[in-house]
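Any read-out appearing in this document is the output of simple, stated calculations on the displayed coordinates, not a laboratory observation. As the structure is a prediction and not an experimental result, all values here were calculated from the model. Using ideal geometry, Cβ is built from the backbone for each residue, glycine included, and neighbour counts are taken over all protein chains shown.
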Amino acid sequence: MSGVTLQKVVKRFGEAQVIHGVDLTIEDGEFCVFVGPSGCGKSTLLRMVAGLEETSGGAIRIGSRDVTNADPSERGVAMVFQTYALYPHMTVAENMGFGLKMTGHPKAQIDAKVKEAARILKLDELLSRKPKALSGGQRQRVAIGRAIVRGPEVFLFDEPLSNLDAELRVEMRVEIARLHREIGATMIYVTHDQVEAMTLADKIVVLRKGRVEQVGKPLELYHDPDNRFVAGFIGSPA
Ligand code: ADP
Ligand code: MG
């Protein structure tokens, strides 16, 4: 079991409080999308789940484990960022396997995991290429592959497609939906793209100024937003 639970999670940066007691339950295997205006705290929440940012209050659980103060490497999460920062001198396969290599996994095991991730992401033909010989979409696929290879219980995506052009975004959105169906892991996905939110999410969390404004299934929010703010984010004309 690897759902994610946030209990009264608070974040302060110095004097500024940016997350104000967020309570949230994300079920095991659920695809949960965070939306909300720039600066509302989406990335900060993800980074706290990943352990890249300490919490100032409250608790975070993954499955039955309290990970509030756990090291990022002990949480069973992998994060995919908007900028994918591949190592230019390494091949696709080396980029994907690098994390496991650094943690001392045997080569045969790394190769098997890289091969499996490449199959899922249709990168089989590109494994020996360098990043500069890839398109933007292929590079972001490699970045996702890097996360898959680590075998996380929870995937965290922070606007992973916002650097891609519109056509590629649609293609990658389909890929990510397929990835979720195929591996069934819990996923938390930040986007400002309403179509991505509506089509990918089992559950959408609308955030506003560090608080949860509304949580619901895409069509619930679409047809029955609590207020105009939510309606503005989920696209039904208020
Ligand atoms: P979002 O991802 O929704 O755009 P963020 O989580 O990046 O929002 O930011 C939430 C708030 O926290 C913003 O007001 C931002 O300026 C502030 N913030 C984020 N990171 C830091 C930091 N390292 N130091 C100080 N303030 C920060
Ligand atoms: Mg952000």
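Observations on the model:
- The Cβ shell under 11 Å around LEU221 holds other residues with a net charge of -2, Lys and Arg each +1, Asp and Glu each -1.
- With q set to 0.20, 0.21, 0.22 Å⁻¹, the log10 of I(q)/I(0) for segment 167-225, from the Debye formula over equal scatterers at the Cα positions, is -0.82, -0.89, -0.95.
- In this structure, the pairs whose alpha-carbon distance is over 20 Å, taken from LYS101/LYS130; LYS113/LYS203; LYS42/LYS209; LYS8/LYS209; LYS42/LYS132, are LYS113/LYS203; LYS42/LYS132.
- Rg followed by Dmax, in Å, when segment 3-125 is reduced to its Cα trace: 17.2, 51
- For ALA59, the shell of other residues with beta-carbons less than 14 Å away shows a net charge of +2, using +1 for Lys and Arg and -1 for Asp and Glu.
- Normalised by 2.2 N^0.38 Å, where N is the number of residues, the alpha-carbon radius of gyration of segment 92-199 equals 1.06.
- Sorting the segments 121-130, 100-109 by their mean number of nearby beta carbons within 10 angstrom, highest to lowest, gives 121-130, 100-109.
- Compactness relative to 2.2 N^0.38 Å, alpha carbon Rg of segment 195-234: 1.03
- Per-peptide average of other Cβ atoms within 10 Å, ordering 150-163, 56-69 highest first: 150-163, 56-69
- Within the chain, percent of DSSP bridges classed antiparallel, to nearest 5: 55 percent
- Tail fraction, Cα-Cα pairs, segment 85-135, threshold 11 Å, whole percent: 67 percent
- Ranking of MET172, MET90 by count of other Cβ atoms within 10 Å, fewest first: MET90, MET172
- Normalised Debye scattering of segment 138-203 at q = 0.11, 0.12, 0.16 Å⁻¹ gives log10 I(q)/I(0) of -0.22, -0.27, -0.49, counting only Cα atoms as equal scatterers and leaving out solvent.
- The chain: Cα Rg divided by the 2.2 N^0.38 Å rule of thumb: 1.02
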